[in-house]
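Below: the structure, in structure tokens.
The values are calculated or read from the model by the stated rules, or taken from the named source; none is laboratory data. The shown structure was predicted, so the numbers you read here are calculated from the model rather than taken from an experiment. Methodologically, a virtual Cβ is constructed for each residue, glycine included, from the backbone with ideal geometry; neighbour enumeration extends over all protein chains shown.
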Amino acid sequence: MLVVMHKNASPDEVAKVCALIKEMGLTAHSIPGALRVAIGITGNKEMVDTNRIASMNGVLDIIHVTQPYKLTNREMKAEDTVVSIKEARFGGGNLTVIAGPCAVENEEPYMDVARSVKKYGASMLRGGAFKPRTSPYTFQGLGEEGLKIMAKARAETGLPIVSEAVDTDTFDIVEEYVDMIQIGARNMQNYSLLRRAGRSKKPVLLKRGMSSTIKEFLLAAEYIMSEGNYHIVLCERGIRTFSDYTRFTLDISSIPELKKLTHLPVIADPSHASGKRDMVIPLSRASIAAGADGLIVEVHTDPEQALSDGAQSLTVPMFERMMQEITFITQTIKEHNGKIDKGGDR
Ligand code: PEP
Ligand code: MN
């Protein structure tokens with residue numbers, strides 16, 4: 001349920017409505033908008049006495065949100081949520097790219113790749129320190145040592161860092177070092193981990209489960225939001241299909257669908273989706289053209305020697321080319337839309 005406040009409702013009126021909602025045993029989520037404040041209500045198992053709320057000063061309307069995902073729903077908040085991490089901005093028309101190797105392997109190569117991706121326009125650094133590997137016998141990541149290397153790269157480049165928390169045991173240590181916590185595809189329905197991320201003050205990068213529907217994906221984000229963390233970036237990273245020429249199938253159509261259903265920013269991961277380096281640039285172009293707010297891509301200075309996901313990692317020159325191409329696509333679309341808005345050429 002959503003309580004829409006009058007555009008000139010005072011902060012005191014908003015606070016009083018929130019207090020009444022709490023008194024009724026429910027949770028109030030105040031959602032400031034460009035024009036007015038809305039208050040999301042969650043936690044209702046039975047019918048809510050909306051008359052009491054409707055009669056409060058400053059209340060304009062009460063809307064029933066029909067979908068099971070409430071706080072993530074565009075019906076709750078019409079404008080795009082912009083997730084800000086230092087200088088990086090996800091959503092609201094920005095093109096934001098996260099880049100770096102699959103896993104942090106050694107300090108010098110990590111510093112090298114960090115400098116290079118910064119030079120060519122990355123807004124954030126990625127790197128796995130705790131890796132969710134399919135086989136228990138492959139490289140599992142450097143753990144805290146890896147996070148320390150990432151923190152060094154942040155100190156030198158100024159770029160914020162994102163790394164995955166694979167379980168609740170290691171969540172605290174990841175949270176301590178990073179600027180954004182990644183919840184991976186294999187954990188998208190790990191509800192205790194989602195709740196823990198919801199209690200964090202750090203933004204969350206939530207990847208779509210490889211067999212998850214859009215509804216399940218949005219409900220996973222809802223778990224995080226329902227605990228009070230509203231800073232979430234969604235990531236389409238490919239789903240399992242019968243197609244056997246790529247690692248997963250990048251579900252391009254999920255991008256416009258998600259942009260329609262939710263106010264949260266949506267980025268794409270063409271690296272894990274394809275598993276193939278030569279497909280990453282074309283799929284990046286497609287994702288941006290389809291409306292993604294950005295990308296997360298794997299980049300390695302020497303992909304042949306990478307300890308994980310070398311086959312899908314871009315070389316630095318490829319990353320440079322990808323950045324030029326997606327910047328060109330974004331600018332072309334913006335210029336075209338600008339002309340249409342001004343009633344120019346069509
Ligand atoms: C990753 O980004 O390092 C990763 C393991 O991705 P996913 O969870 O999408 O497989
Ligand atoms: Mn990887």
Worksheet item: Looking only at segment 300-334, which residues are polar (S, T, N, Q) and outside any helix (DSSP H, G or I)?
Response: T301, S308, S313, T315
Worksheet entry | Residue in segment 13-29 that is exposed (fewer than 15 other Cβ atoms within 10 Å of the Cβ), under 26 Å from the mean Cα position of the chain (by Cα) and modelled with pLDDT under 95 present | no
Worksheet, complete the sentence: Residues of segment 287-322 being touching an Asp or Glu at 6+ places or on another chain (Cβ under 7 Å) and among the polar types (S, T, N, Q), in sequence order, are T301, Q312, S313
Worksheet item: Among the helices (runs of 4 or more DSSP H) confined wholly to segment 221-299, which include 3 or more residues that are within 16 Å of ligand 2 (Cβ to nearest atom), modelled with pLDDT of 95 or more and more than 26 Å from Q324 (Cα to Cα)?
Response: none
Worksheet item: Does M124 fit the bill of being of a type outside the set (G, A, S), away from ligand 1 (no atom under 16 Å from the Cβ), modelled with pLDDT of 95 or more and under 23 Å from G310 (Cα atoms)?
Response: no
Discussion item. Please go through (1) within 16 Å of the chain's Cα centre (by Cα); (2) touching a residue at least 40 places away in the same chain (Cβ under 8 Å); (3) buried (at least 19 other Cβ atoms within 10 Å of the Cβ) for K260 and return the number of the only condition it doesn't satisfy.
Written reply: (3)
Worksheet item: Exactly one of (1) out of contact with any strand residue (DSSP E or B) (no Cβ under 6 Å at 6 or more places or on another chain); (2) in a strand (DSSP E or B) is unmet by L206. Its number?
Response: (1)
Worksheet entry | Within segment 185-211, tally of residues that are under 20 Å from I255 (Cβ atoms), surrounded by fewer than 20 Cβ atoms within 10 Å (Cβ to Cβ) and either in contact with an Asp or Glu (Cβ under 9 Å, 6 or more places away or on another chain) or of a type in the set (S, T, N, Q) (or both) | 1
Practice prompt. Scan segment 146-171 and report the pairs whose first residue is within 10 Å of V104 (Cβ to Cβ) and in the same structural domain as L193 (by TED's automatic domain parsing) and whose second residue is of a type in the set (V, I, T) and not in a loop (DSSP other than H, G, I, E, B), with Cβ atoms within less than 6 Å and a gap of 6+ or a chain change.
Written response: M150/I161; S163/V174
Discussion item. Being in the same structural domain as S271 (by TED's automatic domain parsing) and loosely packed, with under 13 Cβ neighbours inside 10 Å is the requirement here; does A103 meet it?
Written reply: no
Worksheet item: Filter segment 132-147 for residues that are modelled with pLDDT of 95 or more, touching a helix residue (DSSP H, G or I) at 6+ places or on another chain (Cβ under 9 Å) and not acidic (D, E); which is surrounded by the fewest Cβ atoms within 10 Å (Cβ to Cβ)?
Response: G143
Worksheet item: When you scan segment 82-93, how many residues do you find that are surrounded by fewer than 21 Cβ atoms within 10 Å (Cβ to Cβ) and closer than 20 Å to V162 by Cα?
Response: 5
Discussion item. Going by what's in this entry, would I326 be described as among the β-branched types (V, I, T), within 27 Å of Y69 (Cα to Cα), away from ligand 1 (no atom under 12 Å from the Cβ) and in the same structural domain as L125 (by TED's automatic domain parsing)?
Written reply: no
Worksheet item: Among the residues of segment 148-184 satisfying the criterion of being crowded, with 22+ Cβ neighbours inside 10 Å and small (G, A, S), which is nearest to ligand 1 (Cβ to nearest atom)?
Response: G184
Response to the item:
The residue from D309, D278, D302 that alone is assigned by TED's automatic domain parsing to the domain that holds G127 and touching a strand residue (DSSP E or B) at 6+ places or on another chain (Cβ under 7 Å) is D309
